[in-house]
Each structure stands twice: as structure tokens, then as C-alpha cells.
Amino acid sequence: MFSGFAQSGTWGCFDEFNRINIEVLSVVAQQIHSILTALSLKQKRFVFEGKEIPLLSQVGIFITMNPGYAGRTELPDNLKSMFRPVSMVVPDSIYIAENFLFSEGFQNTRNLARKVYTLYQLSTQQLSKQDHYDFGLRSLTAVLRYAGEKKRTNVKMTDNEVLLLSMLDMNAPKMAAQDLPLFQNILGDLFPGIDLPKIDYSKLIEAIENEMNIHNVQITQISIEKVIQLYETHHSRHSVMLVGKTLSGKTTTWKLLKYSLTTLNKQGFNEYNKVMVGHNLFFYIEIQSEQDIEEYPINSKAVNLGELYGQFNLTTNEWNDGILSRIMRQVCA
């Protein structure tokens, strides 16, 4: 990649550069150093990774960093010194939220943006500290995008109701038990006089209870709620992570959902779940189920990234599939 930059005079920007492993950063530092050294000497050709290649002076290398997030690597000093630092001011979250809402077709966007921002600020300050909690700007914009999708599919709901439902869908499933009542109270204060949307999941709950009896799982309200939350989250997120201690019910939860949806499909169930806001029926949600839900458990921490995703073998000049890429080929075949 760097060789291509040098030969074509291209500008390259590496987003969130400090997410790269420290071992890779040391190699990258050497490659960048060789390019910058050749530029400072105004060379037309230089040796890069053992090969002499042409160098166009227009080449530019830029990186972005976000040190505030977990899992970031501290850049080595020899790499830091090659770049001119440019600091960015803290973004105006309210202004960003207001523009997001406006682009999604909401009215009274300034007031709604302040409510969303206040909710996330109060959640950060008042809720317990959990590793999986994220009330930053990325999480905020994800909620607003989801709210836009909700608004387009539920045109009869008011903007406040759509936003309230979206913030519940995107945040309630990840809340610790002691934090959920406080989170709901904050929502109630920000949206006074608005009934929380309630979804009639009676058919799905009936299927879940039947599967719990079949698999000798004790029927409890919290267990059923977690299966329902997983179902809702699955249809509002691209991916889902179940977080909890050993024997807390993570595997049981997703397996119960799998069994329940499969059973509903085999029964030919094609009814809809009613969504109620107060006494008004606004829209329906179809129970989406597949006849054959297959599972492919992967112990990702038992292998390295190359074995998991696949990698290019420089010796044989061939691509070797990893566990995940092999499964994806099998599923899509």
C-alpha cells in the first residue's frame, strides 16, 4: 500500500490508526520513515522494502486517532515524530443531533436534540459504570439513525413517541438490572405525559414458554424478557453481543429464541405483533422466523486473527481461508 502511495503520488489517510497492534505499528513506522526520508532528500527513486521504486513528491500520509476509546494503542515515539499533530475541538453533540434529526424528517429538532443529549449525559453521570456501556457520540448518532428508520415505517406515531421507542430499543437491553428503572425514570422526566410503547408479544412468549418446558428450563419473567430483548435487538442492530458472567444464561437465551422462531415457522404462524401506545394501535411488527436456523459456534480467542478471518500467504502467493471466511462460504453456497 505504501509502495503504491509513493509511486502514484497518492494521499492516504488511515482512520483510527492507533487501533493497529503495536507489532504492526513498528513495521509501518519503518516504511513511513523510508518514504519521508526520500522526500526530504528530494529523491526521484528510492529503495523501499528491498526494491527500487519511483517516488512522486505529491505523496501524502495522514492518520487519525481517537485515544479516548478502549482498546487503543499508544503510538511509539519514533512514529509520533513523523507526523504534525493537529488537535480537534470537542464536537457539539446537540448541534450534530439536531442536524441528524432534521435530515431524518423530524420536527422541532432543537428540542428533541437537547432531550437526547440530556438523556445520554444523565446516563453517563447517574448509571453504574459498566464496560459495555457507551453513551458517547457514536452511540447517540446510532440511535438517531434507528429513529429515522422507525419514523419512516411508522408514520402515524408522533416524533416524541418514535424517539422514545428508539431510545428504549437501543438502550434497555444492555442495561444492568439496577440501572433500568433509573433509565426509565430519566426518560419519563424528559418525555412527560407520553406512554411507553408496549408490544404484544403473546404468541412469541407462548412459544418461548413451550420451549422452556421442553428443554427443562425454569420459566421466569426475567428469562422471557431477555429472550424478547434479544429478538428486538436482533432486528435493530447489525450484530448482537451477549455479555454476562458464567452460567448467567447467555447461551440459553439465544438458543431459546432459535427454538421458538423455528417452532413458529413450522406451525405456519404468520400473524403480527400489535404495538400499542396508550390505547392507540399504531403499527404491526411481523414475527420474522426462519425454518432452519443453523448455529456455528466459534471460539475466537483460541485462534489468531489470521486463522479467524483468513490471510494472504506471501510464500505461496495464495489466500488461505480462516474459520469465519470458510463458514461464510459454506453458508452462502
(request) Pull up the cross-link candidates among the aspartates and glutamates for Lys258, meaning alpha carbon to alpha carbon under 17 Å and not fewer than 8 places away within one chain. (result) Glu206, Glu209, Glu211, Glu225, Glu232, Glu286, Glu290, Asp292, Glu294, Glu295
(message) How much of the DSSP bridge set in the chain is antiparallel, in percent, rounded to the nearest 5?
(response) 80 percent
(request) May I ask you to list the lysines whose Cα is less than 29 Å away from that of Lys115, ignoring any residue fewer than eight positions away on the same chain? (result) Lys129, Lys150, Lys151, Lys156, Lys174, Lys198, Lys226, Lys274
(request) Quote to one decimal, in nm, the extra length available between Phe135 and Lys245 on full extension: 0.36 nm per residue of separation minus the C-alpha distance between them. (result) 37.4 nm
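When a/c is below 1.5 the answer is rounded, else prolate if a/b is larger than b/c, else oblate, so apply that to the stretch 122-172 with a ≥ b ≥ c taken from the square roots of the Cα gyration tensor eigenvalues.
Here the stretch 122-172 falls in the prolate category.
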(request) Count the DSSP beta bridges whose two residues both fall in the stretch 2-80, then state the antiparallel fraction as a percent rounded to the nearest 5. (result) 50 percent
(message) Per residue of the stretch 102-111, what does 6.51 cos²θ - 1.76 cosθ + 1.60 with θ = phi - 60° give for ³J(HN,Hα)? Whole Hz please, x for Gly and Pro, Karplus curve as stated.
(response) 4, 5, 8, x, 7, 9, 6, 5, 5, 5
(request) Once you have the Cα-Cα distance between Asp321 and Gln267, take 0.36 nm times their residue separation minus that, and quote the gain in nm to one decimal. (result) 15.6 nm
(request) Rounded to the nearest 10 degrees, what's the angle between the helix 221-234 long axis and the longest principal axis of the chain, both from Cα atoms, 0 to 90? (result) 50 degrees
(request) Please give the calculated 222 nm ellipticity per residue for the chain, where each DSSP H segment of at least 4 residues contributes -39500 (n - 2.57) and the sum is spread over every residue; nearest 500 deg cm²/dmol? (result) -15000 deg cm²/dmol
(message) Can you work out the Karplus-derived ³J(HN,Hα) for every residue in the stretch 12-28? Use 6.51 cos²θ - 1.76 cosθ + 1.60 with θ = phi - 60°, whole Hz, and x for glycine or proline.
(response) x, 10, 9, 6, 6, 4, 7, 8, 6, 4, 4, 5, 6, 4, 5, 5, 4
(message) If I model the stretch 161-247 as equal point scatterers sitting on the Cα atoms and use the Debye formula, what is log10 I(q)/I(0) at q = 0.10 Å⁻¹?
(response) -0.31
(request) Grab the beta carbon distance between Thr73 and Thr124, set R0 = 22 Å, and tell me the FRET efficiency rounded to 0.05. (result) 0.35
(message) Could you tell me the ratio Rg/Rh of the chain? Both radii from Cα atoms, Rh via Kirkwood.
(response) 1.05
(request) Starting from the Cα of Phe62, step 7 Å along the direction of its Cβ; do the same at Gln330; then give the gap between the two resulting points in nm. (result) 4.4 nm
(request) List every residue whose amide H lies under 5 Å from the amide H of Phe62, counting only residues 5 or more places away in sequence or on a different chain, with H placed 1.01 Å from N in the peptide plane. (result) Gly12, Cys13, Phe14
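No value in this document is a laboratory result; all are computed from the given coordinates. Keep in mind that what you see is a predicted model, and the values were worked out from it rather than measured. Backbone-built Cβ (ideal geometry, glycine too); neighbour counts: all protein chains shown.
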